[in-house]
Amino acid sequence: MTDQCEPHAIIFRLVSAETALEDGIDKRFIRTNDRIRAREIRVIDDEGNQIGILPPYEALKMAREKNLDLVEISPTAQPPVCRIMDYGKFLYQQEKKEREAKKHQKQIVVKEVKFRINVDDHDYETKKNHVLRFLDEGDKVKATIFFRGREMTRTNLGRQILERLIKDVQEKSIVEFRPRQEGNTLHAILAPKKEEGGGKKEKPRPAAPPPQPQAKQA
């Protein structure tokens with residue numbers, strides 16, 4: 001059968017199909033080997049070479065001669081694109097990549113520090129140091145004041161405490177939410193401040209030595 005597609009269009013479609021497969025198509029919906037039902041398929045061998053358009057049983061025979069699988073990587077193409085590969089090894093490598101990617105993902109953590117409206121200076125300084133430590137570690141901080149009973153008539157004192165905290169840690173933080181009240185709880189959210197230049201400070205360059213006077217020739 002004559003292939004009517006332009007060569008560059010074929011290459012683009014095959015590359016896109018492989019990328020789609022590696023980008024996380026649910027493996028439950030990937031057809032392999034005897035599950036491939038198309039009358040004809042475009043085949044890529046295990047080295048990435050284009051074989052051409054074949055009936056699935058011929059492509060499957062080629063795959064089994066190499067102890068490999070026939071995998072449908074682009075089911076919506078006309079005809080569908082299939083590749084000869086070690087499917088079990090492919091799935092293992094993809095799962096390994098996903099695990100490695102998760103290890104390097106920075107999870108946003110919100111640490112909560114609770115204050116009381118009658119907090120003394122020593123306790124306030126201790127909690128403020130906790131806030132600074134969390135910010136230095138790259139975590140967000142939710143500063144919370146919980147009002148009990150008659151304390152609801154003195155919510156202004158709680159707001160003063162949170163405003164004091166915001167001012168005391170302003171060199172290390174940015175305010176995502178200023179103090180807001182929800183029911184009997186007042187809270188503010190602080191995030192770590194990003195240093196300019198990615199947090200890296202350039203080392204000062206040593207001054208160049210002064211030029212040495214040249215000796216006079218006799």
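The values are calculated or read from the model by the stated rules, or taken from the named source; none is laboratory data. What you are looking at is a predicted structure, and each value in this text was computed from that prediction instead of being measured. Note that each Cβ is placed from the backbone with ideal geometry, even for glycine, and that neighbours are counted across all protein chains shown.
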Of a type outside the set (D, E, K, R), crowded, with 18+ Cβ neighbours inside 10 Å and in a helix (DSSP H, G or I): does that describe L132?
no
So if I check each of R164, R159, R150, R116, which one is more than 27 Å from the chain's Cα centre (by Cα) and exposed (fewer than 13 other Cβ atoms within 10 Å of the Cβ)?
R150
Of all residues in region 143-166, which are over 16 Å from I189 (Cα atoms), in contact (Cβ under 8 Å) with a residue 12 or more places away in the chain and polar (S, T, N, Q)?
T155
Selection status of I145, surrounded by 13 or more Cβ atoms within 10 Å (Cβ to Cβ) and not in a helix (DSSP H, G or I)
yes
Those residues of region 122-136 which are touching a residue at least 12 places away in the same chain (Cβ under 8 Å) and under 15 Å from K111 (Cβ atoms) amount to K127, K128, H130, V131, L132, F134, L135, D136
Could you say whether any residue in region 80-95 is farther than 30 Å from E137 by Cα and part of a loop (DSSP other than H, G, I, E, B)?
yes
Kindly check whether there is at least one residue in region 151-171 that is assigned to a strand (DSSP E or B), in the same structural domain as D121 (by TED's automatic domain parsing) and of a type outside the set (S, T, Y).
no
Are any of the residues in region 78-89 among the acidic types (D, E) and under 24 Å from the mean Cα position of the chain (by Cα)?
no
I41 versus (1) surrounded by 17 or more Cβ atoms within 10 Å (Cβ to Cβ); (2) in contact (Cβ under 8 Å) with a residue 60 or more places away in the chain; (3) of a type in the set (V, I, T): which is the lone unmet condition?
(2)
Under 8 Å by Cβ, and 6 or more places apart or on different chains, what pairs join a residue from region 64-78 that is at pLDDT below 95 with one that is surrounded by 20 or more Cβ atoms within 10 Å (Cβ to Cβ) and in a loop (DSSP other than H, G, I, E, B)?
E72/P80; S74/P80
K140, sole failed condition from (1) more than 21 Å from the chain's Cα centre (by Cα); (2) outside the structural domain of Q50 (by TED's automatic domain parsing); (3) in contact (Cβ under 8 Å) with a residue 40 or more places away in the chain:
(1)
Checking the structure you have, find out if any residue of region 98-111 is surrounded by 13 or more Cβ atoms within 10 Å (Cβ to Cβ), free of Cβ contacts under 8 Å to residues at least 60 places away in the same chain and more than 30 Å from E72 (Cβ to Cβ).
yes
